[in-house]
Amino acid sequence: KEVINLTNVLNQSVSVLKGVGPKTVAALQHLKIFTLEDLLTAYPFRYDDYRPKALTELIDQEKITLRGTVANPPVVTRFGRKKNRLNFRLLLDQDVILVTFFNQAYLADKIETGAEVTVFGKWDSSRQRLTGMKLLTFNRNDRLAGIYRSSKEIKQTKLQSLIKEAYLKFNAEITNLVPADLRQRYHLLDRKQMIHDMHFPLSAAAAQAAKRSAIYEEFFLFQGRLQYLKRIDQKKSGLQINYHNDQVKKFISGLPFELTTAQKRSVNKICHA
């Protein structure tokens, strides 16, 4: 049988990571992240799909990624106070779509006519337009990206980099909590693979398999805690109360009714406990 190790180096404070000082530690604690274990199990609540799609695959109002060639120089229009709109057209094979970024005029310097770019945003099928959210670099286009619960002090990118650093440095310390026979019976992932695929999945199927294994682990640990509390409770002796048999008989005889057989049996059990 495997030994479940809950007292390993993953119980160290997140302060062991590079660049994590008192301010970052405090900010992480507000997110209920105290240890390396907490950090590694701070799973994404959803994923953004950075894998480019074809126009024929798109669904209205879906967040998607498109890769194409810039067909014209970007045009920046300013309106209102500190508001702007950046437009350019993107050529995908024989189709041309409009890409619009709001309040990201600085991207104009990164968009050149004839260059290939990859854009993540929300698709509007009726207008054949993509409202851009991010201009992606090439190395992010082949995977899903986890979206985490963050804060003003800890941004998404910071949290993602800390999780990546923790996994790269300490993944050898990750031990299985669910026994091998249960993992085999229910087709669950090894814990190291599960944590990897929760944060860095190469496909939607990998993310789903990791999520399924993580949910099972959570319920397994919850059930274990309940069993532990039950055993502790069983070991506790009840409160002993001294009584006089004659007083009990006198009390019963003074009742305005006669006890049933079941009630008498219960009284006897209580008195002899």
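Quick rundown of the values:
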| read-out | value |
| --- | --- |
| Filter result for Val117 (under 30 Å from Ala166 (Cβ atoms), out of contact with any Cys (no Cβ under 8 Å at 6 or more places or on another chain) and β-branched (Val, Ile, Thr)) | no |
| Test: residue in the range 171-189 that is under 30 Å from Val16 (Cα atoms), basic (Lys, Arg) and either out of contact with any Leu (no Cβ under 9 Å at 6 or more places or on another chain) or touching a residue at least 24 places away in the same chain (Cβ under 8 Å) (or both) | no |
| Conditions (1) among the aromatic types (Phe, Trp, Tyr); (2) farther than 20 Å from Leu136 by Cβ; (3) under 31 Å from the mean Cα position of the chain (by Cα); number of the one not met by Phe79 | (3) |
| Scope the range 114-128; condition open to solvent by less than 80 Å² (accessible area, probe 1.4 Å) and either of a type in the set (Gly, Ala, Ser) or over 21 Å from Asp49 (Cβ atoms) (or both); matching residues | Gly114, Ala115, Gly121, Ser125 |
| Residue within the range 176-191 that is assigned to a loop (DSSP other than H, G, I, E, B), at positive phi and either of a type outside the set (Phe, Trp, Tyr) or surrounded by 12 or more Cβ atoms within 10 Å (Cβ to Cβ) (or both) present | yes |
| Residue match in the range 244-257 (condition: at pLDDT below 90, open to solvent by 70 Å² or more (accessible area, probe 1.4 Å), within 30 Å of Ser15 (Cα to Cα) and outside any helix (DSSP H, G or I)) | no |
| Yes/no for Met198 being assigned to a helix (DSSP H, G or I), without any contact (Cβ under 8 Å) to a residue 24 or more places away in the chain and open to solvent by less than 50 Å² (accessible area, probe 1.4 Å) | no |
| Enumeration of residues in the range 101-113 that are assigned to a strand (DSSP E or B) and surrounded by fewer than 17 Cβ atoms within 10 Å (Cβ to Cβ) | Phe102 |
| Count of residues meeting criterion [small (Gly, Ala, Ser) and either touching a Pro at 6+ places or on another chain (Cβ under 9 Å) or in contact (Cβ under 8 Å) with a residue 60 or more places away in the chain (or both)] in the range 71-87 | 0 |
| Every pair of residues 6+ apart whose Cβ atoms lie under 6 Å, when the first sits in the range 110-122 and is of a type in the set (Asp, Glu) while the second is open to solvent by 30 Å² or more (accessible area, probe 1.4 Å) | Glu116/Thr69 |
| Residue that is farthest from Tyr50 (Cα to Cα), among those in the range 88-109 that are touching a residue at least 12 places away in the same chain (Cβ under 8 Å) and among the polar types (S, T, N, Q) | Asn103 |
| Test result for His187, farther than 20 Å from Thr35 by Cα and modelled with pLDDT of 95 or more | yes |
| Residue match in the range 63-72 (condition: part of a loop (DSSP other than H, G, I, E, B), surrounded by 17 or more Cβ atoms within 10 Å (Cβ to Cβ) and of a type outside the set (A, V, I, L, M)) | no |
| Top-ranked residue in the range 149-168 [being surrounded by fewer than 18 Cβ atoms within 10 Å (Cβ to Cβ) and touching a Phe, Trp or Tyr at 6+ places or on another chain (Cβ under 7 Å); ranked as modelled with the highest pLDDT] | Arg149 |
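The values are calculated or read from the model by the stated rules, or taken from the named source; none is laboratory data. Since the structure is predicted, the reported quantities are computational estimates derived from the model, not experimental observations. A quick note on method: Cβ atoms are made from the backbone with ideal geometry, for glycine too, and the neighbour counts reach across all protein chains shown. What goes into the accessible areas is simple: the full protein's heavy atoms, side chains included, and nothing from ligands, DNA or RNA. Shrake-Rupley method; radii C 1.70, N 1.55, O 1.52, S 1.80 Å.
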